[in-house]
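The values are calculated or read from the model by the stated rules, or taken from the named source; none is laboratory data. Remember, it's a predicted structure, so these values are computed and weren't measured experimentally. Counting neighbours? That spans all protein chains shown, and the Cβs are built from the backbone with ideal geometry, glycine included.
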Amino acid sequence: MDDGSTQQMKMTAGLDIGDKYSYLYVLDNQSGEMIEESRLRTTPDDLRRRFDSEQKMKIAIEVGTHSNWVNRILKECAHEVLVANPRKTRLIYGDKHKTDKLDAQKLARLARVDPELLYPIEHRGEQSQTHLALIHSRDALVRSRTQLINHVRGTVKSFGARLPKCSAESFHKKVADALPSELAEALEDVVKTIGSLTVKIRDYEGRIERVCKKSYPQETALLQQVAGVGALTLLTFVLTLEDPDRFEKSRAVGAYLGLVPAKDQSGDQDPGKGISGEGDEMLRRLLVSSAHYILGPFGPDSDLRRHGEKIAVRGGKNAKKREL
C-alpha cells in the first residue's frame, strides 16, 4: 500500500493552511496513530522554525493563496510535499462539516494511505509565478475597465440615450463628448478613470512583451509564428505549461487545459459532453480567442486554419463552438 519512500519516513503530516494560522496533524506511518496536533502562525519564520529541524516526512497541503511559498519552504527544509488539488479531493472540498482540524487530518490520512487520492500538482517556480503576476494584474485592470464601461453605458441607457459603438481602448475618447448633459457630473470622472486604466493596461502589455524577449526568447519566438497569437497569449501559455517535458504526448496539453470533452460514462451510457473546463481558465480563454481569430474572416490562410475548417465541416455548423 505504501511506497518505499513512505516506509523510509516515520511520519506523514497534513497541514491545513489558513491566512493567519495553520493546523498541523501528524501521523505515525506504521500504526496510523496521531502523533501531534498543533496550530502555528502562517509566516515563513514560524514554518521554518517548526520544520527545519524536523526529521524528513511527507507533508500534504492544499492549493491556495499561500501554498506556493509554503511548498518552497517545506522543500527547503528537506521534506517531501504533496500539493493536493481541492477540486479533485471531494472528501475534503465537498464536506459539509469542514474545520481546519478535520481538513489537516484528512490530508494526512490520504497522503499516508494513497497519495494519488490527493491528485497532487506541481507548483510553478518562483520566476514563473512572478511573471504570471504581471499577467493577472493586467487582467484585473481589464476586468475593472470592462465593469466601468458597462456602468457608463447602462447609466446612459437608463436616461433614454445611447453612446457610440467603439472599442474599450478608445472608449474614453469617443464618449467623453457624447455624455448627456444631465449625467456629465456623475460620469465624467468615471470616463477619465477608464482612460487612466487603458494607459496602465498598455503599460502592462509593454512589460509583458519585454519579459517575453528577455526571459523566454526561444519559446515565445516559436509561438509567435502562429498568426493571432500575441505576447499575452504566448507568455501565459509558456508560464502555465512551464515544463513541456512533463507531458508524454502533445494531446495531453489539451486535456490539461480543459479543452477536451468531459466524460460521464456509466455502463453502456457514454453521452457526448462539452469541454471539461478544467485547468487554467485565463489561458483557455486566450487560446479560444486566438482560435476564433485564426478561423475568422481576418485569419490568414495557413495549415492550422485549414485543419480547423476540416473539423468544422466534419462537425456541422456549430462545430466551431463545440471544438473550441
Unmet criterion (only one of (1) farther than 30 Å from Glu37 by Cα; (2) surrounded by 18 or more Cβ atoms within 10 Å (Cβ to Cβ)) for Pro115
(1)
Does the stretch 166-176 contain at least one residue that is in contact (Cβ under 8 Å) with a residue 60 or more places away in the chain and polar (S, T, N, Q)?
no
Could you tell me which of the residues Lys98, Lys192, Lys165, Lys106 is surrounded by fewer than 18 Cβ atoms within 10 Å (Cβ to Cβ) and assigned to a helix (DSSP H, G or I)?
Lys192
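Quick grid of which residues meet (1) at pLDDT 95 or above; (2) out of contact with any strand residue (DSSP E or B) (no Cβ under 8 Å at 6 or more places or on another chain):
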{"position": "Ser196", "(1), (2)": "yes, yes"}
{"position": "Tyr204", "(1), (2)": "yes, yes"}
{"position": "Ser215", "(1), (2)": "no, yes"}
{"position": "Thr233", "(1), (2)": "no, yes"}
{"position": "Glu242", "(1), (2)": "no, yes"}
{"position": "Phe247", "(1), (2)": "no, yes"}
{"position": "Gly258", "(1), (2)": "no, no"}
{"position": "Pro261", "(1), (2)": "no, no"}
Restrict the check to the stretch 109-132 and report whether at least one residue is closer than 30 Å to Val199 by Cβ, of a type in the set (Ser, Thr, Tyr) and at pLDDT below 95.
yes
So, in the stretch 170-189, how many residues would count as being surrounded by 13 or more Cβ atoms within 10 Å (Cβ to Cβ) and closer than 21 Å to Gly230 by Cβ?
1
Determine, yes or no, whether Glu62 is closer than 18 Å to Glu122 by Cα and free of Cβ contacts under 8 Å to residues at least 60 places away in the same chain.
yes
